[in-house]
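Asks: The following block contains the structure, expressed as structure tokens.
Each reported figure results from applying straightforward, stated rules to the coordinates on display, with no laboratory input. On a predicted model such as this, the values are computed, not experimentally measured, just so you know. A quick note on method: Cβ atoms are made from the backbone with ideal geometry, for glycine too, and the neighbour counts reach across all protein chains shown.
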Amino acid sequence: MEFIAIAFGAIFVNNVVLNQFYGLCPFLGVSTKKSSAFSMGMAVTFVITLSTMIAYTIYNQVLVPNNIEYLSTIVFILVIASFVQLVEMVIKKFSSAIYSALGVYLPLITTNCAVLGVAIDVTVNGTGSQKLLMASGVAPTFWQATVYALGISLGYAIVIFLFSAIREEMDAYPIKKNWQGIPIALITAFIMAMIFSGFGGVI
Amino acid sequence: MARKQKSLSDVFTAGFFKQNPVFVQFLGMCPTLAVTGSVESAIGMGAGVIFVLVLSNLIISLIRSAVPREVRIPIYIVVIASFVTMLEMLMNAFVPDLAAQLGTFLSLIVVNCLILGRAEAFASKNGPVRSVLDGLGMGIGFTGGITLLAFFRELLGKGSITIWGDFALNLIPSDFQISILVAPAGAFLVFGILVSQINKIKLRRAEQGEVA
Amino acid sequence: MKPVKIVVMLLVVVLVSSVGVYFVESITTPIIEDRRAQEIEEALQSIFPAIDGTTDTVTSDTDVDFGTTGITDVLVIRDGDDNVKGYVYTMTFRGFSSEIIYLVGIDAAGAITGYQTLQQNDTAGYGAQIADEENWTQFTGMSIETAGNGDFDGLAGATVTTNAWKSSFETLFNFHLDTYGYTPMTDEQLLLQKKQTLVGNDLTIESYTPDLAPGDYGITAVDVATDGTDNQAVIYTVEFVGYNATGSNTYLIAFDLATNEVLGGTALSSDDTEGFGALILDNANWADFPGMSLEDAEDGNFDGIAGATVTTLAWKQSLVDVGMFHRVEFLGETPRTVESLSELLFPGADRFTNVTSEKPFGTMIEGVYDVFDDLGAKLGTVYHVQTIGASYAELTTIEFLIGIDTADNFTGFYMLDDSETPGRADAFYADDYGDTIEGVAITDDYELDAVGGSTITYNVITAAIDEVVHYHQTKYILLPERIMDALAEAYPGAVSFESVYSDYDFDATINNLYAAKDGSDAVIGYVYYATATGYSGNIIEFMWGVDNSGVAQQLYIMNDTQSWDDATYAGYDGAFGTDFNTSTWLDLFEGVTFQSILDTEVIDAAGVSTTTGGMKVSLERIAQYHADQNVGGAS
């Protein structure tokens, strides 16, 4: 039940894009087509979930015991960059099918702030504990953090896919020149964010 | 390669309008939308970005010849992350309220595409003076952009602009506030409208240019 | 060599960066810690005002496990002797759209000493109201249990945040109870604290014994606040009945003894309707009081309780009584008593004799006082009248004094007590109210000063005056000698007589009932002083004795002017004589038992059947009364 609540909160209420504004660049950049949005969503899900597990472990096993929590930003970004690199190499070597689907999106993820943002939220001083529906300053357990990361990335995947579907449909309609592209995408995101804010009343 | 180098003043002012990171390049969108609920936090975020951008551009420009191509990105990231960490600690010590307002987005300056982008696109190819000027110009352009956005959101959403508790501008009676604008969703709306209006101006200029 | 260069370069960059970060960290950490400590200290002053910066110690309790309560810190405040004075909690919870952090102080008795929202980022106009100080003040003085039960005002329109706020208080209350516990103040301590709040903490509160009986004014306790040498303020504990007639309301009100201004007031309890009369418990309804003059309090110049008219009226009326008490007890003003007002009715009076017990019963007559001058000559009579008022408030009374001199003229009118509508009541109290009646013969028409809009009350008063006039004419006997003579005629064997009517029920026929006594003051029988209706409505006054065994004594017709002739109708030959008292018809009611009169029908005297019939009805009624009331153990 607790995990369900955390996951629900992460997917809908604190939606990573629409409520927290993490990962906006790829959200607007890679959402013109449903296929690429789907691939991006999958890649993000994979990277966020695993890198959060790694970051959580390093933070609690290495940084905290040595009282160097303040280095977490530096350490996390290195971990994420290396991990993404590693994933890319592994995929390239073992499955050309997956690589052709996800490969081009992986480097982009390094600078997707959702990855670093989630890692920081589940570790440092319980910064994001309220996003996990927990009291302030309370650090989540490993599995709570993992479920949260999974929920966040699924929320990302769902929203970017829905968003791309809307944008594809929108191509069929005439839009004033100055509203084309980013502006109309932002208005669409506004309406989606309004809808998602309604989930706030559920918990 | 024979391209003429831009003048120093061009380097400095490029970020203001022509290549404005917020409205033209759409770089650093996360903070653009997340911290523009109030003018105060927008200015704070802008100052933070200027601090990191100028220093990282300077250092990267200084060490650019010593950095092996293969690992340049990780090295840039370490440099940037170090400055961001320092910035976090300094802000927590001296402007704690602002640091609390910015929250995780202070740490996320690390992955602000603007900073890594300028490091890669400019500082790694130019000397320290030009790099600092570029960082400063881009930083000011970024700050101006998000402050403009925050101005509209706070003014229409809260009816008044308050900066550091001392300076308050009360313009709109509370009955006419549109509080959705300061909520997360409102960021998309205001930003979308602003971009569309800037596009409109650009399009008109382009047409006039063709005629002329 | 390339890989070596890469590794070296990476190492150098990481190392230099780490050193730089460490350097900045070592500078900023102490600053951050100092600031936190300072913030807490500043917050403590408002959260826990009783803190003494020089002797008290504040420590963070590190031994307790906060679990998932949302509590992040508890500061324990101890005094110089290491006794716990209270706790300050830092509590966090999730509102609608942000995490909210607040501080709350709780004293050793479980009362909240202060509240402050430290951080919130909820929707402006909704959840963000939690940052408004007007939503904080309600907690001060509230029991943590009350707050834990959610009995405090939420945020208008922000249901989610309000619910979360209340639930966080519930968590905090349960944690506090489990971890530290507390001993709530006793009712006496709470009451004392409330009194102290009204007069300020510098004065000492002592119980006060007034000269007047405070109970007569609805006051249940009087306390004074002293600075050690002089009494500076007085605090009344007052009780009154509001809308709910089966319960009551109590409140405290304090007056400054130097300025006679209200220092403040607060309600203690209310049995009135929730949401209406019981709103007297809401301190907002007492906001007008501090600084109010005694006159304004008496006149009811304050807002009262919206929607609770009856309770407001009763509340204002109770303040009239409190003001009266205050004026007499502390300001040395003359009390409105029967004695003081009687002197105003008869300026030359020397002596007032309460003769109520000697007089027959009158429904509205509370007291009858004979007035004499210094030579012993009778000047007249003062009636103390009490009747039921006409105010919307239930059970109001109107009490007044009215004087009638020996020439049967009114000497004046004074209002003694009036629980009618405040403001209107003042008009009735006015010294010139009723002046118009002065010198008017009681048989003449009179008119009191009209008080605008108080027609019903006015009518109640004039009806009561008419009642007094009637009583004075029929039941108050102006000539005691006449009564004495008649009594002797009715019971020749008795030496003295004493009215005992007040021991029995009132009957419209019977004016008075006297016990007949022998030389050793033993009761040998009774005499009824009664009236009958004769021909064409003539009133026949008579005395009728009866001994202890129920045997009728003499029946004596008292009316000097009443003759048998007067009782006749045209054409009667007067065979029974012309003096009623010599009529042999009356002998039928002498020397026989009362019981036989009831058992056997006595014949009317032919030709005077109306007079004798009326007499017979009265006499039978007396005999029946005698048996029913068991006068002197008659049955």
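Asks: At q = 0.11, 0.15 Å⁻¹, what base-10 log of I(q)/I(0) does the Debye formula yield for segment C:200-331 when every alpha carbon is treated as an equal point scatterer in vacuo?
Replies: -0.36, -0.66
Asks: Extending each Cα 7 Å along its Cβ direction at A:K33 and C:S520, get the distance between those two points in nm, one decimal.
Replies: Each label point is offset 7 Å from its Cα along the Cβ direction, giving 13.7 nm.
Asks: Something else now. Taking amide H positions as placed in the peptide plane 1.01 Å from N, state which residues far from A:V16 in sequence (5 or more) or on other chains have amide H under 5 Å from it.
Replies: Answer set, sorted by chain and number: A:Y156.
Asks: Per residue of segment B:63-70, what does 6.51 cos²θ - 1.76 cosθ + 1.60 with θ = phi - 60° give for ³J(HN,Hα)? Whole Hz please, x for Gly and Pro, Karplus curve as stated.
Replies: Residue by residue, segment B:63-70 yields 9, 4, 6, 8, 7, x, 3, 4 Hz.
Asks: So what's the angle, to the nearest 10 degrees on a 0 to 90 scale, between helix C:455-474 and the longest Cα principal axis of chain C?
Replies: 30
Asks: 7 Å from Cα along Cα→Cβ at both A:I191 and C:S596: what's the point-to-point distance in nm?
Replies: Rounded to a tenth, the inter-label distance reads 11.6 nm.
Asks: Add -39500 (n - 2.57) for each DSSP H run of 4 or more in the protein assembly as shown, then divide by its residues: what number comes out at 222 nm, to the nearest 500 deg cm²/dmol? Don't jump to the answer; show the numbers that get you there.
Replies: Working: 30 runs with 448 residues, N = 1050.
Calculated mean residue ellipticity at 222 nm is -14000 deg cm²/dmol.
Asks: Do me a favour and compute the ellipsoid semi-axes for chain B from its Cα gyration tensor, root of five times each eigenvalue, largest one first, whole Å. Intermediate values should be presented prior to the final figure.
Replies: Values: eigenvalues 196, 116, 34 Å².
Values for chain B, descending: 31, 24, 13 Å.
Asks: Give me, ordered by chain and number, the residues 5 or more places off C:M292 or on other chains with an amide H under 5 Å from its own placed amide H.
Replies: Result for C:M292 returns C:V262.
Asks: Please determine, in degrees from 0 to 90 and to the nearest 10, the orientation of helix C:309-331 with respect to the longest principal axis defined by the Cα atoms of chain C, where the helix direction is its Cα long axis.
Replies: Orientation of helix C:309-331: about 80 degrees from the principal axis.
Asks: Show me the GluC sites (Glu not before Pro) within segment C:240-300 that DSSP assigns to loop and that have at most 14 other Cβ atoms within 10 Å of their Cβ. Numbers along the way, then the final one.
Replies: Numbers: sites: C:E261, C:E274, C:E295, C:E298; in loops: C:E274.
Taking segment C:240-300 and a limit of 14 other Cβ atoms within 10 Å, the loop GluC sites (Glu not before Pro) found are C:E274.
Asks: Can you give the extra length, in nm with one decimal, that the chain gains between C:Q119 and C:T455 once fully stretched, where that is 0.36 nm per residue apart less the Cα-Cα distance?
Replies: Details: separation 336, 0.36 × 336 = 120.96 nm, distance 6.19 nm.
Difference between extended and current length: 114.8 nm.
Asks: At 0.36 nm per residue, and after removing the present C-alpha to C-alpha distance, how many nm does the segment from C:D227 to C:L375 gain when stretched out fully?
Replies: Between C:D227 and C:L375, full extension yields an extra 48.1 nm.
Asks: Give, to the nearest whole percent, the P(r) tail of the protein assembly as shown beyond 40 angstrom, counting all Cα pairs. Write down the numbers at each step before the final one.
Replies: Details: 348258 of 550725 pairs.
Result for the distance tail: 63 percent.
Asks: At q = 0.32 Å⁻¹, what log₁₀ I(q)/I(0) does segment C:1-46 have when each alpha carbon counts as one equal point scatterer in the Debye sum?
Replies: -0.98
Asks: Can you work out ³J(HN,Hα) from phi for every residue in segment C:488-502, in order, using Karplus 6.51 cos²θ - 1.76 cosθ + 1.60 and θ = phi - 60°, giving whole Hz and x for Gly and Pro?
Replies: 5, 5, 6, 9, x, x, 8, 9, 9, 10, 9, 5, 10, 4, 5
Asks: Place a +1 charge on the Cβ of each Lys and Arg in segment C:123-226 and a -1 charge on the Cβ of each Asp and Glu, then give the dipole magnitude about the Cα centre in debye, rounded to the nearest 20. Don't jump to the answer; show the numbers that get you there.
Replies: Working: 3 positive and 15 negative charges, 57 e Å.
Using Cβ point charges on Lys, Arg, Asp and Glu, segment C:123-226 gives about 280 debye.
Asks: Moving to a separate point now. So how strong a dipole does the protein assembly as shown carry about its Cα centre when Lys and Arg Cβ are +1 and Asp and Glu Cβ are -1, to the nearest 20 debye? Display every interim value, and only then the final one.
Replies: Working: 46 positive and 119 negative charges, 3123 e Å.
Taking the Cα centre of the protein assembly as shown as origin, the dipole is about 15000 debye.
Asks: A further question follows. Once both labels are modelled 7 Å past Cα along the beta-carbon direction, what's the C:L344-C:T140 spacing in nm?
Replies: Distance between the two pseudo-spin positions: 4.5 nm.
Asks: Return the tail of the calculated pair distribution for segment C:309-349, meaning the percent of Cα-Cα pairs more than 12 Å apart. Don't skip to the end; give the middle numbers.
Replies: Details: 546 of 820 pairs.
Pairs farther apart than 12 Å: 67 percent.
Asks: Determine ³J(HN,Hα), in whole Hz, for all residues of segment A:72-78 in sequence, where each value follows from phi through the Karplus function 6.51 cos²θ - 1.76 cosθ + 1.60 and θ = phi - 60°; x replaces Gly and Pro.
Replies: Result, ordered by residue: 4, 4, 4, 5, 4, 5, 5 Hz.
Asks: Along the positive direction of the dipole of chain C (beta-carbon charges: Lys, Arg +1; Asp, Glu -1; about the Cα centre), which of C:I603, C:F173, C:I51 reaches farthest?
Replies: Value: C:F173.
Asks: Can you tell me what percent of all Cα-Cα pairs in chain A are more than 30 Å apart? Kindly include the intermediate steps, with their values, before the conclusion.
Replies: Values: 4932 of 20503 pairs.
When every Cα pair of chain A is considered, 24 percent fall beyond 30 Å.
Asks: OK, next. Take the residue pairs A:K176/B:K202; A:K93/C:K5; B:K18/B:K202; A:K34/A:K92; A:K177/B:K202 and return only those whose Cα atoms are more than 20 Å apart. The partial results should precede the final answer.
Replies: Values: A:K176/B:K202 14 Å; A:K93/C:K5 27 Å; B:K18/B:K202 10 Å; A:K34/A:K92 23 Å; A:K177/B:K202 11 Å.
Going by Cα-Cα distance, A:K93/C:K5; A:K34/A:K92 fall outside the 20 Å limit.
Asks: Within segment C:261-288, list the residues whose amide N lies under 18 Å from a label point set 7 Å along Cα→Cβ of C:A306.
Replies: Correct set: C:273-288.
Asks: Which three lengths, in whole Å and largest first, does segment C:1-121 cover when its Cα atoms are put on their principal axes?
Replies: Dimensions of segment C:1-121 along the principal axes of its Cα atoms: 76, 39, 24 Å.
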